[in-house]
1. Would you confirm whether or not segment 386-404 contains a residue that is of a type in the set (A, V, I, L, M, F, W, C) and without any contact (Cβ under 8 Å) to a residue 12 or more places away in the chain?
2. Looking only at segment 40-50, decide whether some residue is modelled with pLDDT under 90 and either polar (S, T, N, Q) or out of contact with any Pro (no Cβ under 8 Å at 6 or more places or on another chain) (or both).
3. Across segment 43-52, what is the number of residues that are open to solvent by less than 20 Å² (accessible area, probe 1.4 Å) and either over 19 Å from D79 (Cβ atoms) or part of a strand (DSSP E or B) (or both)?
4. Specify the residue that is modelled with the highest pLDDT; the eligible residues are those in segment 388-401 that are of a type outside the set (K, R) and in contact with a Pro (Cβ under 8 Å, 6 or more places away or on another chain).
5. Among the residues that make up segment 214-235, is at least one of them free of Cβ contacts under 8 Å to residues at least 12 places away in the same chain, out of contact with any Pro (no Cβ under 7 Å at 6 or more places or on another chain) and surrounded by 15 or more Cβ atoms within 10 Å (Cβ to Cβ)?
6. Are any residues in segment 71-107 assigned to a strand (DSSP E or B), modelled with pLDDT of 90 or more and crowded, with 18+ Cβ neighbours inside 10 Å, and if so, which ones?
7. Pick from A143, A160: which is small (G, A, S), within 31 Å of the chain's Cα centre (by Cα) and not in a helix (DSSP H, G or I)?
8. Name the pairs whose Cβ atoms lie under 9 Å apart, with the first residue in segment 541-557 and of a type in the set (S, T, Y), the second open to solvent by 60 Å² or more (accessible area, probe 1.4 Å), and 6 or more positions between them or separate chains?
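The values are calculated or read from the model by the stated rules, or taken from the named source; none is laboratory data. Not measured: the values here are computed from a predicted model. Quick reminder, even Gly has a Cβ in these numbers, built from the backbone with ideal geometry, and neighbours come from all protein chains shown. These area figures cover heavy atoms from the full protein model, side chains too; ligands, DNA and RNA do not enter into them. Shrake-Rupley method; radii C 1.70, N 1.55, O 1.52, S 1.80 Å.
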Amino acid sequence: MSGVPQRTLLLWCPDWPVLAAEIVDGVPATDPVVVLHANRVVACSERARAEGIRRGLRRREAQGRCPHLTVVDHDPGRDARAFEPVVAAVEEVVAGIEVIRPGACATAARGPSRYLGGEEAAAERIVEHVAQSCAVESQVGIADGVFAAGLAAREGRIVAPGGTREFLATRPVEALGRPALADLLRRLGVRTLGDFAALPAGDVLARFGFDGALAHRLAGGRDDRPLAVRQPPADLIVTADYDEPVDRVDAAAFAARTLAELLHERLAGYGLACTRLGIEAVTAHGQELHRVWRHDGLLTAAAIADRVRWQLDGWLTGSNGRGGTRPARPTAGIVRLRLVPDGVLAQAGLQPGLWGETGAERERAHRALSRVQGILGPEAVVTAVLGGGRSPADQVRLVPWGDERVPARPGPPPLPPAGAAPGAESAPVVVPPGGRAGRRAGRGRAMAEPPWPGRIPPPAPAVVLPAPLAADVRDAAGEPVVVSARLAVSAAPARLTVGDGRPAEITGWAGPWPVDERWWAPAEARRRARFQVCLADGAALLLAVEGGQWLVEAIYD
């Protein structure tokens, strides 16, 4: 986190969900209009506010205050689509825009203020351009940091450099946008952002957690992150015009290879890879042809050329119209060819396959696996599909090669969020001996996170045994370790014996993670508790106890 917030210019469009409904659906924003989500008002028009309607009201109460109210359902997709022309208009004046949310976007104030004649002149220029280009009213706020600039934009105010902390000090705690935290602070006697910022940072973290510490930084005029600006999209389309119409397959193949290499070079210059390719052609008679090719990996120059050649071959050798099932061929040769990279992603985000990236190696592997299936049957070759579940064995489904890769259960399990608080699922897997605190934290963690309460936290084990191995777990006194119905462990596990093997010392353990499945069906009900243990030789195991019997379910790497 940066110690000095960046000087930020933020453009805000009041009542944007209402304006988006007018732009997309034609709902008059000059009438009393409310946008509802979960049966509560999330935005309302100026006429609706004049009738006493505010955000957070229930639908029935809002309609009671204004019987002729127009109700619109909340649609984030609609808001984002309608806001895109506004962002494009702002980008015509300044560069490096970050979309905060539909209805608000921000940029660094230094550049626009330098070449537009100051911060006030830059704000006026942007507001005027948006109004002329999109017919949308907006306000601009400038302050140190995105959070303060957003509050300043609601007043159309420019906060002097270095005056952000004083500007925020008089704002109520509700300005943080965290209703639960604001309610708690009110009950504790903290009513303004200045009062909240005056509290010691360590005490705030201990009392309110990570999110409270983040809000404390914002209240003190310190942003949690710098701007993540949006780069204007690059023009990646390549086009070739031909004086002589191309009507032969060999000439089309030569044109395809030249244009494919040009497209590949342009994509490589931006560090991008094409996964979906649009091929467009125009004939001498004005006929337009279009087809999209999809690929599951990186399209090299040769792969792009092959697909363009195949498509041109299909168009130029089509049916002549006297019967047959093939599409009719064009009535004239091709005079324009365009390649449109319809789907792109950064090359760093592509992971090579098991048999290479693309091309002949993957095709040979596919043919070989399909041949094995033909000899031994469809179930002889399977691939793993990750899904949901509480145990590692439940989260993987083996699918025959070539079948649709659909998980057996909803999933995959959610990953811990970036910057999770201490004690979240990014905590270590194994705790030191006598880890009752770790056991309680593990129980709270597992039961609080949907959609699979009771699931084992990451990392996943490297080996899941097809059949669990019987084991015996004893404490330091040599007595069997027992888990009660209330998940109370009789003593800390000290020694583990798997089958007829020799006892191994347990140096660390975590758990239990309980599972009580299908209790409503007695014949299918299953109740057990899982533990993670670390042994003296460095091995880590996943254990389960069910009906008083200890089992080894999986092995960690």
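1. Taking segment 386-404 as the starting set, the residues that turn out to be of a type in the set (A, V, I, L, M, F, W, C) are 386, 393, 396, 398-399, 401.
Okay, now just the ones that are also without any contact (Cβ under 8 Å) to a residue 12 or more places away in the chain, so none.
No, segment 386-404 contains no residue that is of a type in the set (A, V, I, L, M, F, W, C) and without any contact (Cβ under 8 Å) to a residue 12 or more places away in the chain.
2. Among the residues of segment 40-50, not one is modelled with pLDDT under 90 and either polar (S, T, N, Q) or out of contact with any Pro (no Cβ under 8 Å at 6 or more places or on another chain) (or both), which makes the answer no.
3. Residues of segment 43-52 open to solvent by less than 20 Å² (accessible area, probe 1.4 Å): 43-45, 48.
Filter again for either over 19 Å from D79 (Cβ atoms) or part of a strand (DSSP E or B) (or both), leaving 43-44.
Residues meeting the conditions: 2.
4. It comes out as P400.
5. There is at least one residue in segment 214-235 that is free of Cβ contacts under 8 Å to residues at least 12 places away in the same chain, out of contact with any Pro (no Cβ under 7 Å at 6 or more places or on another chain) and surrounded by 15 or more Cβ atoms within 10 Å (Cβ to Cβ).
6. The first filter runs over segment 71-107 and keeps only residues assigned to a strand (DSSP E or B), leaving 71-73, 97-101, 104-107.
From what's left, modelled with pLDDT of 90 or more: 71-73, 104-107.
Once the filter is applied, which keeps residues that are assigned to a strand (DSSP E or B), modelled with pLDDT of 90 or more and crowded, with 18+ Cβ neighbours inside 10 Å, segment 71-107 yields V72, A104, C105, A106, T107.
7. A143
8. Y556/P459; Y556/A460; Y556/A462; Y556/V463
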